[in-house]
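Beneath this line is the structure, given in structure tokens, with notes to follow.
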Amino acid sequence: MRHTSYIEISRQAYRQNMDFLKSDIGPKTEISVVVKGNAYGHGIENIVLLAEENGIRHFSTFSADEAIRVHNSSKSDSEVMIMGMLEDEDLKEIIQKGISFYVFEFERLDAAIKVAKKLNVKAKIHVEVETGFHRTGFEWEEKEALLEILKENAEQLSLKGLCTHYAGAESISNYVRVRKQIKLYKKFKTWFESQGLNFDKYHTACSAATLLYPETKMDLVRIGITSYGFWPTQETYMYRYQSLPVNNKNPLKRLISWKSSVMNIKSVKMGEFIGYGSSYMTPRNMQIALVPIGYGHGYSRLLSNQGKVLISGKIVFVTGTVTMNSIAVDVTDLEKVMKGDEVVIIGVQGELEITVASFGESSQQVNYELLTRLPLDIPRRIVE
């Protein structure tokens, strides 16, 4: 059965990104590839395959369901780490499969200990400490009680990591806040070590922190958006620009291309309205091509009368309101547009390119949001 659109994932681009990141991070720090949000819209199974081809053996997920998908996709017995949602009812399977997970509250820690005792299998945990992000993590005032539980239950726990997360490392406006977080994390680390408690790995850095705060690299870094070919922000790129090689000022390559085809073509006379409502009146006699993708496929309604796609190697613009399942584009000035012609929503056609960032410019959405909105049921395939 044919789908209305499909996504291509570039193996070569992924290899280039990983080569750059490995060189930039250095050999002493392990890379954990973050695959939350269906691998930022790229498909968990696709990215696990590509990452393992490039020597990656550690993956970070947000939830248990994502972790199981990584575990089932791995061909190299890679480590899997859950950073967020984990129901108590899923602990048995997660612990049995050797999947590690964050503990950031006493309730989850107690539940993990109980399940580990019952199974007689150590729970692999990463203790998250609160340093200023104010979402999850043990507070400084809770450290003594936490230490006591960790020591008393050493037979049930494998202390895989001590971790935290930075609040906006990608923006200079958060510099003071991030510096305070780094200082408090180091304070936690020193205190635990002074109490005779050590962890296998110390990790705090996301993509932005890895690129901008070298001291946060530590034993492991959690790399998300940059592995998919995007800088966390334009600000991040500008900060790093001078340090990039003269012959490679754009080392990150987009993996994803999103394509569809022309569904039908219609002539519309001057002065008529196109689509729902009256947001677009034709200023001349026009040829309109309908493309079968809409906000139900992750193409934002905010792109009504603003979005653009490529057809016949030319940029054409959305006319009228983006609907759930389709957009109309102006092909009046193109020659020989036919039903079935390729439509590039993200990617290259001829000499032109539609980037993910171009959506952001039109709709004020960030790369992260646009990518993760791409539905699971759009077919994804790896291309060279």
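The values are calculated or read from the model by the stated rules, or taken from the named source; none is laboratory data. Keep in mind that what you see is a predicted model, and the values were worked out from it rather than measured. Cβ placement follows ideal geometry from the backbone for every residue including glycine, while neighbour counts extend to all protein chains displayed. Side chains included, ligands, DNA and RNA excluded: accessible areas come from the protein's heavy atoms. Shrake-Rupley method; radii C 1.70, N 1.55, O 1.52, S 1.80 Å.
Carbon-plus-sulfur fraction of the accessible area of the chain, 1.4 Å probe, in percent? The partial results should precede the final answer.
On the way: 9110 of 18200 Å².
Roughly 50 percent, rounded to a whole number.
GNM on the chain, alpha-carbon springs under 10 angstrom: the most fluctuating residue among E335, E79, E353 is E335.
Within the same chain, lysines fewer than 8 places from K314 are excluded, and of the rest, those with a Cα less than 17 Å from its Cα are K259, K336, K339. Sorted from longest to shortest, the spans of the Cα atoms of segment 144-210 along the three principal axes equal 43, 20, 15 Å.
Using +1 on the beta carbon of Lys and Arg, -1 on that of Asp and Glu, and nothing else charged, what's the dipole of segment 1-107 about the Cα centre, debye to 20? Working shown, then result.
Values: 11 positive and 18 negative charges, 124 e Å.
With only Lys, Arg, Asp and Glu charged at Cβ, the dipole is about 600 debye.
For the chain, the Cβ-based charge dipole about the Cα centre amounts to some 700 debye (Lys, Arg positive; Asp, Glu negative; other atoms uncharged). The aspartates and glutamates whose alpha-carbon is closer than 15 Å to the alpha-carbon of K186, local same-chain residues fewer than 8 away aside, are E128, E130, E139, E215, D219. Legend: Rg and Dmax of the chain, from Cα coordinates, 24.0, 79 Å.
Within a straight-line Cα-Cα reach of under 20 Å, K118 can be paired with the following aspartates and glutamates, leaving aside sequence neighbours fewer than 8 residues apart in one chain: E87, D88, E89, D90, E93, E107, D110, E152, E155. Among the trypsin sites (Lys or Arg not before Pro) in segment 104-191, those located in a DSSP loop and surrounded by at most 14 other Cβ atoms within 10 Å of their own Cβ are R135.
Could you do me a favour and compute the accessible area per residue for the chain, 1.4 Å probe, result in Å²? List each step's numbers first, then the result.
Numbers: 18200 Å² over 384 residues.
Here the residues of the chain average 47 Å² of exposed surface.
Restricted to Cα atoms, segment 27-180 shows a radius of gyration and a Dmax of 16.2, 48 angstrom.
Pairs exceeding 18 Å between alpha-carbon atoms, taken from K97/K117; K75/K160; K97/K201; K160/K201: K75/K160; K97/K201.
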